[in-house]
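Working notes, beginning with the structure itself.
The values are calculated or read from the model by the stated rules, or taken from the named source; none is laboratory data. Quick caveat, the model's predicted, so the values are computed rather than measured. Don't worry about glycine lacking a Cβ; one is built from the backbone with ideal geometry, like all the others, and counts go over all protein chains shown.
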Ligand SMILES: [Zn+2]
C-alpha cells in the first residue's frame, strides 16, 4: 500500500515561509513545492490549535465537533475545564482509514489525550497533561520508546518553559521535536503503518515565545531539517504538509475585559479589597512613592487609612481615587477588579480563555442564575457589535476587529449550542484580544485600552491563513487556483485511498490538485456519524487539568 505522510507545520504561513524559501534555507519544503500543489489553507474561527485540529481530525465545522477553545464551558455551569480528546465529537479520520484496512500512526496530533485504540499507533500530542504516563496506544509503545531513546514526555515541561530564557526554551523545544521525529519514524516501521500523521509544533511555540523574528526563523529551519529526516527515513509516496492556522508578530494587547467592565457588560465580584491586600499594598506603595515621595512611617499610615477607607467610600469616589492612582500606576484598578470572578448575579457577559475574544452571555435559560433572557441576547449582541466595530488600532486608525460574529453566523450542527455567543475576530490586526486579567503593570499604555510591553511574555499570535503543500505521485504540481480549508484535509486524504466520504463531513476533496487520473476518480459517499446525543464529561482528573493549565499558562495561552 502507498505511504502518506500527513505533516503539520503548526502555525506556518507564507509570510514567514517565503523569505526563507527565497534565501534557500528550507530545502525540503522547497523540494515538496517543486513536486506538489500548494496554496493557502483557511483555518477555523477562532484560528486556534484545538479548534482547527479538531476540524482536521473530524472533517467537520466546530458546530459539529464542539471544540471552540482551549477551555470548554461545562454544560449547565458557568465554569470551564480543559479541552481534551473526549470533548471532541465525531469519528476521527483514522477510523475510516482503519475500517478500509489502512494502518495509521499518530504523533503529537493535538488533543489526542486520553489515548484510544487505533490500528497502528498513537503518541498523544499537545494538550496532554505533563504528569500523564498513559500517553501512547498501544500502552507498551511508551516503554519501547524509552528503552530505545531514554525518558520520553509528551511536551516540554511547563517549569522549563517558565524558568528559561528564550534561547534555552528554543533549544529545549528543538530537542523535544527531534525526539518526536526519531520515535515517530521507528514506531512507523515497527507498527507497519501506511499513513503517518505528525504535528511539528516548534514553529508555533517559537512564534509565541521568541522576542525576535530570527529566533522564529531558526525554528523553521530546524523544522525543515526534521521534515527532511522524515522524508529520507520513511520514504512516503505522497506528502500532505499543512498548517492549522498562520502566524503574526504582536503589537500588544487590546484589553477587551477592561472595556467590557467599564461599559458595564461584565461585572466582577465585590469584596475584592480584603482578598487582595498585598496587591493593593504594592500599588499604594508605588503610587505614594511616585506621587510625592512619601515613604517610611507616614507612607505606612497613609496606606493603612486608604486600605481601610477605600472600600467604604461611595462608588463614584472610588472611581475618582483610581483614576488618580492610574496616572502613576497604569491599570491598577483593573488589577484589583479583574483578578476576581465575574459576579454572575449581575454580569451580562463572561469571558472564555485569556486571549480568545470569545464571550458567553449569562443566559437565564442556560447559566445557573443567568440574568439575560434569550430575547435580550440578540439586541445586546447587535449593540455590542456596533460598539466594538467602532474601536480602531491606535497605530494606523484601521478597525481593530475584522468581524464580530454571533455563534449562529459561523457554526452549525448539534454541538453549536455549546459555542461561545460572541466571537471577536481581530486576527489580522496584530493585537491580542485579552478577555481575562488586566495588562501587566509595566505595560506601556496607548489610549485607554491598548497596551504594548517589553516583558518576557507573548511576542506572536495566530493569523487565519495557514498553508498546504500536497506533493507526490498523486498530485499535479503548481500553485492552487483557490484556497483550501482545514476541513478539506481529511477528505483529500480519504480520496487518496479511494475511501468514500462520510456524508456529515463539511470539507471537500480537493480534486483540482490531483493528477488527471485521481481527479476523475468518482467520490463515493458513506454514512457518517449518528447525531451525538450528549457532550461527554471531561476525561481528565483535577490534577491532570491543573497540569495542562500550568503548561498552557507557561506558553501564554491561559492566565
Ligand atoms: Zn496551531
Restricting attention to the range 213-229, which residues are away from the ligand (no atom under 16 Å from the Cβ) and in contact (Cβ under 8 Å) with a residue 24 or more places away in the chain? 213, 215, 217, 218, 221, 222, 224, 225, 226, 227, 228, 229
Any idea how many residues of the range 171-211 are more than 15 Å from the ligand (Cβ to nearest atom) and out of contact with any helix residue (DSSP H, G or I) (no Cβ under 7 Å at 6 or more places or on another chain)? 11
Quick check: is even one residue across the range 117-131 in contact (Cβ under 8 Å) with a residue 60 or more places away in the chain, within 28 Å of residue 207 (Cα to Cα) and surrounded by fewer than 24 Cβ atoms within 10 Å (Cβ to Cβ)? yes
Which one of 197, 219 is closer than 20 Å to residue 157 by Cβ and in the same structural domain as residue 172 (by TED's automatic domain parsing)? 219
Any chance residue 397 is free of Cβ contacts under 8 Å to residues at least 40 places away in the same chain and at positive phi: yes
Considering the range 140-167 alone, what residues qualify as being at pLDDT 85 or above and crowded, with 16+ Cβ neighbours inside 10 Å? 141, 142, 144, 145, 152, 154, 155, 156
Taking the range 39-63 and keeping residues within 12 Å of the ligand (Cβ to nearest atom) and either without any contact (Cβ under 8 Å) to a residue 60 or more places away in the chain or under 16 Å from residue 425 (Cβ atoms) (or both) leaves 43, 44, 46, 47, 48, 51, 52, 54
Which listed residue is closer than 20 Å to residue 420 by Cα, part of a helix (DSSP H, G or I) and within 25 Å of the chain's Cα centre (by Cα), from 64, 60: 64
Please give the number of the condition residue 135 fails out of (1) within 28 Å of residue 417 (Cα to Cα); (2) crowded, with 21+ Cβ neighbours inside 10 Å. (1)
I'd like to check something: does the range 364-372 contain any residue that is outside any helix (DSSP H, G or I), touching a strand residue (DSSP E or B) at 6+ places or on another chain (Cβ under 6 Å) and touching a residue at least 24 places away in the same chain (Cβ under 8 Å)? yes
Conditions (1) surrounded by 19 or more Cβ atoms within 10 Å (Cβ to Cβ); (2) in contact with a helix residue (DSSP H, G or I) (Cβ under 8 Å, 6 or more places away or on another chain); (3) in a helix (DSSP H, G or I): number failed by residue 44: (3)
In this structure, does residue 28 turn out to be in contact with a helix residue (DSSP H, G or I) (Cβ under 8 Å, 6 or more places away or on another chain), over 20 Å from residue 489 (Cα atoms) and away from the ligand (no atom under 16 Å from the Cβ)? yes
When the range 230-253 is checked residue by residue, the ones that are within 16 Å of the ligand (Cβ to nearest atom), modelled with pLDDT of 95 or more and outside any strand (DSSP E or B) are 243, 244, 245
Residue count for the range 93-114, restricted to those that are in a strand (DSSP E or B) and either at positive phi or not assigned by TED's automatic domain parsing to the domain that holds residue 67 (or both): 1
On the phi > 0 side of the Ramachandran plot and without any contact (Cβ under 8 Å) to a residue 40 or more places away in the chain: which single residue out of 90, 66, 24, 76 fits that description? 24
Can you name the residue in the range 15-25 that is part of a helix (DSSP H, G or I) and surrounded by fewer than 16 Cβ atoms within 10 Å (Cβ to Cβ) and is also farthest from the ligand (Cβ to nearest atom) among such residues? 22
Residues 34, 119, 84: which one is within 23 Å of residue 468 (Cα to Cα) and more than 16 Å from the ligand (Cβ to nearest atom)? 34
